[in-house]
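**Q** Handing you this structure, nothing more for now.
Readers should treat all values here as calculations from the given coordinates under stated rules, not as data from a laboratory. These numbers come from a predicted model, not from an experiment. Note that each Cβ is placed from the backbone with ideal geometry, even for glycine, and that neighbours are counted across all protein chains shown.
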Amino acid sequence: DTEVTQTPKHLVMGMTNKKSLKCEQHMGHRAMYWYKQKAKKPPELMFVYSYEKLSINESVPSRFSPECPNSSLLNLHLHALQPEDSALYLCASSQNLGTATGRQETQYFGPGTRLLVL
Amino acid sequence: GNSVTQMEGPVTLSEEAFLTINCTYTATGYPSLFWYVQYPGEGLQLLLKATKADDKGSNKGFEATYRKETTSFHLEKGSVQVSDSAVYFCALRGSSASKIIFGSGTRLSIRP
């Protein structure tokens, strides 16, 4: 099973709202990722977690706040977003980061949450 | 730094035509190479991968061979179907990096 699930599938929020995106995997993967994808563009990396600790933050604004409560779950908390933050938010996971062993670990993606900020 | 260049789309073909989507890369060391597919309204799915030179990845009739001498990983399929209509992303992951570098994506449309 190589399934990564994400909820909700769609989300509409105002600029003053607080909402959260959720991601879950049960493959025993210890690395999890958040990506943002604008229309007709490739995904852009936002955050990487490794063994529940934040490993990479790609200079993402503080209105996006990631959280990894356990090895299976990854959340993205949203607050005071702007209309330009509207996009498809993709979660991915891999067995680990792969750098320690020199092996490159394949990332498996969820279906995404389509976010519209009004 | 690492980068991926893939052919501009959109690519429009008739059903049963032969498909090639070109992908070339720039990387130090020995990256792993991937093709991901994104169907309309969905997330990315791993289509195939290759982790070392001369490896051939294959899945669902698609193939790509890791060519280190030409730094290429072209995607091919002998006979496309309408259901293959999607956006295809070539990607690499460097030997010492945890992030994937994606190409810009190629939109493929297949006419019945």
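**Q** What is the ratio of the Cα radius of gyration of segment B:41-80 to 2.2 N^0.38 Å, where N is its residue count, to two decimals?
**A** 1.26
**Q** Hey, what's the per residue convex hull volume over the C-alpha atoms of the protein assembly as shown, in cubic angstrom?
**A** Taking only Cα atoms, the protein assembly as shown has a hull volume of 122 Å³ per residue.
**Q** Is there a simple number for the mean count of other chain Cβ atoms within 10 Å of the Cβ of residues in B:100-110, and what is it?
**A** Mean shielding by partner chains, rounded to a whole number: 3.
**Q** What is the calculated FRET efficiency for residue A:56 to residue B:52, with r their C-beta to C-beta distance and R₀ = 25 Å, to the nearest 0.05?
**A** 0.50
**Q** Evaluate the Debye formula for segment A:1-77 with equal point scatterers sitting on the alpha carbons, no solvent, and hand back log10 of I(q)/I(0) at q = 0.13 Å⁻¹, in q order, two decimals.
**A** So the normalised log intensities work out to -0.41.
**Q** Pick from A:18, A:41, A:53: which is most flexible by mean-square fluctuation in a GNM of chain A where alpha carbon atoms under 10 Å apart are linked?
**A** Of the options given, A:41 has the highest mean-square fluctuation.
**Q** Over chain B, what relative contact order in percent results from Cα pairs under 8 Å that are six or more residues apart?
**A** For chain B, the relative contact order is 37 percent.
**Q** How high is the relative contact order of chain A, in percent, with contacts defined as C-alpha pairs under 8 Å that are six or more residues apart?
**A** Over chain A, the number comes to 36 percent.
**Q** Give, in nm to one decimal, the length gained when the segment between residue A:73 and residue A:26 is fully stretched (0.36 nm per residue of separation minus the Cα-Cα distance).
**A** 16.0 nm
**Q** Moving to a separate point now. Treat each spin label as a single point 7 Å out from the Cα along the C-beta direction, and report the residue A:12 to residue A:80 distance in nm.
**A** The answer from the label model is 2.5 nm.
**Q** Quick check for you: which residues of segment B:1-32 have the amide N under 12 Å from the point 7 Å beyond the Cα of residue B:69 toward its beta carbon?
**A** In segment B:1-32, the label zone of residue B:69 (backbone N under 12 Å from the point 7 Å along Cα→Cβ) covers no residue.
**Q** Let me ask you something else. Just to confirm a number: summing +1 for Lys and Arg and -1 for Asp and Glu over residues other than residue B:105 whose beta-carbon lies under 13 angstrom from that of residue B:105, what do you get?
**A** +2
**Q** Could I ask something else about it? Points 7 angstrom from Cα along the Cβ direction at residue B:83 and residue B:104: gap in nanometres?
**A** It is 3.1 nm.
**Q** A follow-up question, please. Between residue B:11 and residue B:111, what is the label-point separation in nm under the 7 Å Cα-to-beta-carbon projection?
**A** 1.7
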